[in-house]
Number of protein chains: 2
Amino acid sequence: MRTDTTFKRAFNDMIDLLRTLDLGAELPSENALRAQLGVSRTTVRKVLASMSARGVIVSEVHRRIIREHPQQIERYPKEETLAISEQVETSFMEWMLRDNACPGTEINEAELARKFGVATTIVREFLNRFQKYGLIEKRQNAGWVFKGFTANFALELFEIREMFEMRSARLFASLPDGSPIWKQVRAMRAAHLELLADIDARFQDFSELDSRFHRLIAVVAPNRFIESFQDVIAIIFHYHYQWNKRDERTRNEVAIREHLALIDALESRNIASIDQACRAHLTSARETLLRSIA
Amino acid sequence: MRTDTTFKRAFNDMIDLLRTLDLGAELPSENALRAQLGVSRTTVRKVLASMSARGVIVSEVHRRIIREHPQQIERYPKEETLAISEQVETSFMEWMLRDNACPGTEINEAELARKFGVATTIVREFLNRFQKYGLIEKRQNAGWVFKGFTANFALELFEIREMFEMRSARLFASLPDGSPIWKQVRAMRAAHLELLADIDARFQDFSELDSRFHRLIAVVAPNRFIESFQDVIAIIFHYHYQWNKRDERTRNEVAIREHLALIDALESRNIASIDQACRAHLTSARETLLRSIA
DNA sequence: CATATGTTTCTTATGTATAAAAAACTGGGG
DNA sequence: CCCCAGTTTTTTATACATAAGAAACATATG
């Protein structure tokens with residue numbers, strides 16, 4: 001019943017790993033591979049067995065030799081490496097954002113399960129987790145209601161975001177010189193400059209950098225509720241802008257410049273500059289989102 | 001498979017409802033009852049059938065007559081009116097707070113299901129929902145980790161709480177005179193004074209009043225994320241203080257006086273007073289919680 | 001005896017089943 | 001026609017089943 005996505009992901013990762021080793025070399029122990037691939041030894045053994053069966057490696061007593069470098073072609077496709085619960089997330093977001101579901105739409109577990117081709121249990125579990133994003137609401141003994149990806153949603157989201165982010169950004173002013181965070185900030189600036197230099201080709205990489213940047217700011221004073229809220233922001237932006245490409249390049253370039261300004265402000269340790277740069281960026285991000293919703 | 005807790009709750013409610021009507025009177029229509037009891041007509045009919053079978057009411061064509069007032073004794077016990085998922089919440093909180101689970105404890109879905117005597121599905125669903133309270137964390141393809149009801153948890157909780165509550169409280173300063181919220185504030189003060197007058201007997205009623213008070217403050221400018229966070233606070237306080245009765249009476253009396261001070265400040269519309277009263281209460285509440293954790 | 005592999009046991013992810021509850025449909029008065 | 005009660009259909013809450021994966025245990029080998 002359970003899908004073997006873990007195995008397939010590990011298998012793909014193992015292909016990459018084998019290509020870094022020489023032909024005829026001896027493979028690391030099962031335990032070492034387990035640590036490297038981040039799965040259990042059970043799965044490692046399954047991958048090794050599969051590699052043996054394909055003749056990629058030769059199993060001798062107490063060691064395994066690489067016989068040939070596996071072909072990229074043999075990788076399992078991306079979809080097959082995603083757990084059903086992850087696929088459901090995508091399906092749901094697609095339903096919501098692409099099909100432009102109306103505020104107030106009733107969500108029917110059974111119907112979604114049929115539409116997505118998965119068991120009701122999975123849909124139910126997904127909806128329960130998804131509840132925290134503030135877009136759906138449960139009604140006792142009945143289904144769920146989709147509250148809508150509306151301007152109001154964006155405003156409420158940004159109100160919290162501003163509180164959280166201003167709070168973290170301000171803390172940089174009193175962050176000691178010796179803090180290792182400053183190094184990360186410098187690396188972050190470099191990453192931004194790099195992306196900016198090649199913006200025409202790589203503007204789609206911004207989404208991930210954005211998320212990393214905002215998480216870095218929050219790291220000065222860890223708070224689980226703030227971190228959890230950043231998941232909300234990340235997922236909303238990730239999916240929304242994935243289906244909404246208008247002005248993508250410009251939008252991202254503007255955001256990068258705002259980030260750079262904020263980094264400068266952080267490094268200046270001047271509260272007023274930090275406040276100003278932070279608020280400027282958040283305001284601009286909010287307006288961009290609002291425009292794209294309207 | 002599904003339990004009939006909805007029916008039992010509706011049955012109990014119907015007993016209360018029947019006692020407000022005269023013997024020999026005609027019952028409202030099924031539809032009217034449905035609205036009053038907050039359940040589906042299907043359940044109403046089941047309750048009516050059950051009442052008929054017990055001879056409490058007589059079903060004639062197109063109407064039903066009350067034959068006798070049902071005895072309190074016939075009510076279903078409280079436990080049987082709680083959905084399994086609600087019972088699991090209690091069981092889990094009890095495990096966590098009463099058994100004093102250590103930070104880092106691994107939570108095993110299967111084991112909990114056995115311990116609580118419910119299906120794994122239910123435990124899993126509960127844990128997924130409970131995740132948002134920041135006390136547990138999921139590990140891929142493995143179980144959950146209990147992060148501990150620690151001082152750190154309390155501090156992070158109160159950091160957010162302070163941001164949210166100060167934000168709402170301040171908004172009262174610019175709330176127009178005509179706003180219906182002022183009436184609710186006055187009613188809230190009355191409720192506090194009433195409880196204070198009878199504090200020795202009713203100090204246990206504070207928990208619920210506390211939650212209502214803080215929700216009222218947030219209502220000035222609704223934000224779904226703030227509301228959701230109030231669920232976190234409510235559930236944590238509800239269960240924590242349910243198993244931790246030290247100084248309960250004093251603690252609650254102090255809080256009531258702080259609430260009253262805050263109400264005065266809100267009505268004064270003076271930002272500085274509001275800030276001060278709000279912060280004073282939150283600080284005191286935080287210290288109380290911290291003391292009870294240590 | 002420490003580490004690696006082979007084996008067994010337990011847990012999680014996901015599907016299916018079903019009673020309870022909700023919702024939709026239907027025919028009949030007022 | 002609108003509301004009401006009877007009936008049928010659909011959905012939800014919960015239990016259970018099972019393959020995949022993790023963890024624990026056992027054995028072997030240097």
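The values are calculated or read from the model by the stated rules, or taken from the named source; none is laboratory data. Quantities reported herein were computed from a predicted structural model and do not represent experimental measurements. Backbone-built Cβ (ideal geometry, glycine too); neighbour counts: all protein chains shown. In case anyone asks, the SASA skips ligands and DNA or RNA and just uses the protein heavy atoms, side chains included. Shrake-Rupley method; radii C 1.70, N 1.55, O 1.52, S 1.80 Å.
Quick look at the values:
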{"read-out": "Hits in the range A:146-180 - residues which are hydrophobic (A, V, I, L, M, F, W, C) and not in a helix (DSSP H, G or I)", "value": "A:146, A:149, A:175"}
{"read-out": "Those residues of the range A:188-244 which are free of Cβ contacts under 8 Å to residues at least 60 places away in the same chain, of a type in the set (A, V, I, L, M, F, W, C), in contact with a helix residue (DSSP H, G or I) (Cβ under 7 Å, 6 or more places away or on another chain) and assigned to a helix (DSSP H, G or I), in sequence order", "value": "A:191, A:199, A:203, A:206, A:209, A:213, A:216, A:217, A:218, A:225, A:234, A:237"}
{"read-out": "Answer residue from the range A:167-176, given it is open to solvent by 10 Å² or more (accessible area, probe 1.4 Å) and within 18 Å of residue A:276 (Cα to Cα) and is nearest to the other protein chains (Cβ to nearest Cβ) among those", "value": "A:167"}
{"read-out": "Checklist (1) under 21 Å from the mean Cα position of the chain (by Cα); (2) more than 13 Å from chain B (Cβ to nearest Cβ) applied to residue A:193, failing item", "value": "(1)"}
{"read-out": "Tally, over the range A:38-57, of residues that are within 14 Å of chain B (Cβ to nearest Cβ) and open to solvent by 20 Å² or more (accessible area, probe 1.4 Å)", "value": "7"}
{"read-out": "Total residues in the range A:136-163, condition at positive phi and within 16 Å of DNA strand C (Cβ to nearest atom)", "value": "1"}
{"read-out": "Residue match in the range A:133-141 (condition: within 30 Å of residue A:113 (Cβ to Cβ), in a helix (DSSP H, G or I) and not assigned by TED's automatic domain parsing to the domain that holds residue A:240)", "value": "yes"}
{"read-out": "Answer from B:234, B:218, B:280 - the residue that is touching an Asp or Glu at 6+ places or on another chain (Cβ under 9 Å) and within 14 Å of chain A (Cβ to nearest Cβ)", "value": "B:218"}
{"read-out": "Breaking point among (1) over 18 Å from residue B:239 (Cα atoms); (2) within 13 Å of chain A (Cβ to nearest Cβ), for residue B:126", "value": "(1)"}
{"read-out": "Test: residue in the range B:149-166 that is within 14 Å of chain A (Cβ to nearest Cβ), open to solvent by less than 50 Å² (accessible area, probe 1.4 Å) and modelled with pLDDT under 95", "value": "yes"}
{"read-out": "Residue identified as within 16 Å of DNA strand D (Cβ to nearest atom) and not polar (S, T, N, Q) among B:145, B:185", "value": "B:145"}
{"read-out": "Selection from the range B:4-33 of residues that are closer than 23 Å to residue B:79 by Cα, surrounded by 14 or more Cβ atoms within 10 Å (Cβ to Cβ) and more than 6 Å from DNA strand C (Cβ to nearest atom)", "value": "B:8, B:9, B:10, B:11, B:12, B:13, B:14, B:15, B:17, B:18"}
{"read-out": "Complete set of residues in the range A:129-160 that are closer than 13 Å to residue A:233 by Cβ and in contact with a helix residue (DSSP H, G or I) (Cβ under 6 Å, 6 or more places away or on another chain)", "value": "A:132, A:133, A:134, A:154, A:156, A:158, A:160"}
{"read-out": "Tally of residues being within 17 Å of residue B:239 (Cβ to Cβ), surrounded by fewer than 16 Cβ atoms within 10 Å (Cβ to Cβ) and more than 16 Å from DNA strand C (Cβ to nearest atom) across the range B:85-104", "value": "5"}
{"read-out": "Residues located in the range A:60-84, provided they are farther than 15 Å from residue A:15 by Cα and open to solvent by 70 Å² or more (accessible area, probe 1.4 Å)", "value": "A:60, A:61, A:62, A:63, A:79, A:80"}
{"read-out": "Filter result (open to solvent by less than 20 Å² (accessible area, probe 1.4 Å) and of a type in the set (A, V, I, L, M)) within the range B:236-272", "value": "B:236, B:255, B:256, B:262, B:263, B:265, B:266"}
{"read-out": "The range B:105-123, subset near DNA strand C (Cβ under 9 Å from one of its atoms) and within 14 Å of chain A (Cβ to nearest Cβ), residue least open to solvent (accessible area, probe 1.4 Å)", "value": "B:123"}
{"read-out": "Residue within the range B:173-193 that is under 28 Å from residue B:223 (Cβ atoms) and either in the same structural domain as residue B:105 (by TED's automatic domain parsing) or acidic (Asp, Glu) (or both) present", "value": "yes"}
{"read-out": "Filtered residues of the range B:19-37 (kept if within 12 Å of DNA strand D (Cβ to nearest atom) and within 14 Å of chain A (Cβ to nearest Cβ))", "value": "B:34"}
{"read-out": "Hey, residue B:131 of a type outside the set (Gly, Ala, Ser) and more than 8 Å from DNA strand C (Cβ to nearest atom) or not", "value": "yes"}
